1. When the chain is fully extended, how far beyond the present Cα-Cα distance does A:Thr89 get from A:Arg292, taking 0.36 nm per residue of separation?
2. So what's the back-of-envelope 222 nm ellipticity for chain B, counting only DSSP H runs of four-plus at -39500 (n - 2.57) apiece and dividing by all residues, rounded to 500?
3. Please get the size of the charge dipole for the protein assembly as shown, origin at its Cα centre, with Cβ charges of +1 on Lys and Arg and -1 on Asp and Glu, quoted in debye to the nearest 20.
4. So, with +1 on the Cβ of K and R and -1 on the Cβ of D and E, and no other charges, what is the size of the charge dipole of the stretch B:221-281 about its Cα centre, to the nearest 20 debye?
5. Once the mean 1/r over all distinct Cα pairs of the stretch A:205-321 is inverted, what Kirkwood radius in angstroms do you read off?
6. In degrees between 0 and 90, to the nearest 10, how far off the longest principal axis of chain A does helix A:233-257 point, with axes built from Cα atoms?
7. Return the long-range amide H neighbours of A:Gly71 (sequence gap of 5 or more, or a different chain), with a cut-off of under 5 Å between placed amide H atoms.
8. Mind jotting down the distance between the C-alpha centroids of the stretch B:4-31 and the stretch B:210-229, whole Å?
Protein chains: 2
Amino acid sequence: MKQEYAIGIDIGGTNTVFGVVDHRGDILYRGAISSRKHEKVENYINELHAALTPAIEQVGGINVIRGIGIGAPNGNYYSGTIEYAPNLTWKGVIPLAQMVTDKFGVPAALTNDANAAAVGEMMYGAAKGMKDFIMITLGTGVGSGIVANGHLIYGHDGFAGELGHTTIIPNGRIHAGTGMLGSLETYASATGVANTAKEFLDARPKEDSLLRNHPREEIDSRIVYDCAIQGDAIAKEVYQYTGMILGLALANFVMFSSPEAIILFGGMTKAGDLILKPTKESMEKNLLPIFRNKVKLIFSELKEADAAILGASALVWELKN
Amino acid sequence: MKQEYAIGIDIGGTNTVFGVVDHRGDILYRGAISSRKHEKVENYINELHAALTPAIEQVGGINVIRGIGIGAPNGNYYSGTIEYAPNLTWKGVIPLAQMVTDKFGVPAALTNDANAAAVGEMMYGAAKGMKDFIMITLGTGVGSGIVANGHLIYGHDGFAGELGHTTIIPNGRIHAGTGMLGSLETYASATGVANTAKEFLDARPKEDSLLRNHPREEIDSRIVYDCAIQGDAIAKEVYQYTGMILGLALANFVMFSSPEAIILFGGMTKAGDLILKPTKESMEKNLLPIFRNKVKLIFSELKEADAAILGASALVWELKN
């Protein structure tokens, strides 16, 4: 039997990363394009095809590509569609798996980006051997993939695991994409961290902060991190506050599915203990005693892009020919 | 093969109900004792044994009893123990399944009372044929049983599905049993309804209400219901408020496991549309658009005690001899 390859594609709110993966989970070629550049999804798929073609040629052409697995926000495993994704440019229902199949000429499967990352983590990362865990992706948005009894929870319609959109602070901060109030994503995403920093600066105009060395509109989670590392009090409090809310949400999730571990993944995890410590404290405090000091709260063991690419590519090996 | 029977026992915060059940799910004998009368669990089991003995004799003696299934708050399916149940008299870890086996001389299995009700609903009730649904029990407390991919979610330690203890209003009302703030149970249980009524009466001392015809300490959910039915404005608002909070919580649960239905069960459902209508409105409002107008919010089709007895008894047929 000739060697076959799978393509894994991870569509994030900002960037799309992709890779050609072999059966052992080695990523042979990788690349990235913008998720935001093309208003028309057809043009986006054309650019994706152009970007992947050299890598496909390198491994032996499209005939040795078994299929394409895609992780995308609001991705539906059952229908292969992206539906009403608040963080993407393309609105409504996008039949992405079918469009990719038509363009590349190979089968395609699609799931929630965080579900794909969870599968990657289960096959190659920190969740190896676990039957019950939750993956939380802390990036531009907040995503989640939930594994119970050894299987991803898709729900009756394929949309399960949108934990970033659960309400944590009723009547709290508005979400620019959904219009909903007080969802986890409005606080615990990179965008949320930047907004918390701006709120704190506005509320305490007389307090010195390194954050004030930056124009207000340029403050992002990276700047907050840099200032916190330099000991800035407000920047450090931003992480305390973010962890307090994230931990409260995680406690609720634990009381739902009682996972062995919660695996944090994505750009925000670069903050290390700055985010992990207050999150763990708040999670433990908000748990019923029977759940306390049992759940491992850990960072992903995979490189940021790899888990999603590997997880998406793993969908391919289960495709029927 | 001789006819065999299973015993199903449902331990509630107030009462314990039990029944002798045949293979078809017919409850042949049933009875009840108080869950609160005995401070020592040994005495409780003695009373349970005495109460069940006549029924056991009626069907042919203990030799035709295949086993005993028990639903209990904080019941752990893996270990057969009740652990730190805030609504029960017995504190700490109670090895109830083993104690029942020792007393009756037949195998016993135990799970969360709401899990047992969910199994009953799946086998004989409104969830027949469903692979993804959530059962919410609205009684003295608020319990839950979660089914995903056709299986109960037990979690890594057997304690999954404690949705009544999830935080809905951060820093909200204190829970007398757990000391935690703002959990769903403090608002959406029968106790929560009575407390909301008292809060409303205290906050609006000059407003007339039928509720004021009752001594403050005697107001319970039954009285609130009666006053609401008679058109009392404050009593009706109590249900509006309860439904608003319950619906917010249900929206969060839907975004977790995307169930086909949420089945409400227990004493509070007697309020009918008074509770169902505001709950549904609030749930839909707090859902991401992709989840809206998809989830059936319905009442259990089983008699209140039957689902739990049937569900608990169903555990028995899966016991190894």
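Please treat every number below as a calculation from the coordinates, not as lab data. Computed from a predicted model, the values in this text were never measured in an experiment. Glycine also receives a Cβ, built like all others from the backbone with ideal geometry; neighbour counts cover every protein chain displayed.
1. Extra length from A:Thr89 to A:Arg292 when fully extended: 69.0 nm.
2. Per the formula, -12000 deg cm²/dmol.
3. The dipole magnitude comes to about 20 debye.
4. 80
5. Result for the stretch A:205-321, one decimal place: 16.3 Å.
6. Tilt relative to chain A: about 60 degrees.
7. Those lying under 5 Å, H to H, from A:Gly71 are A:Ile9, A:Asp10, A:Ile11, A:Thr111.
8. 33
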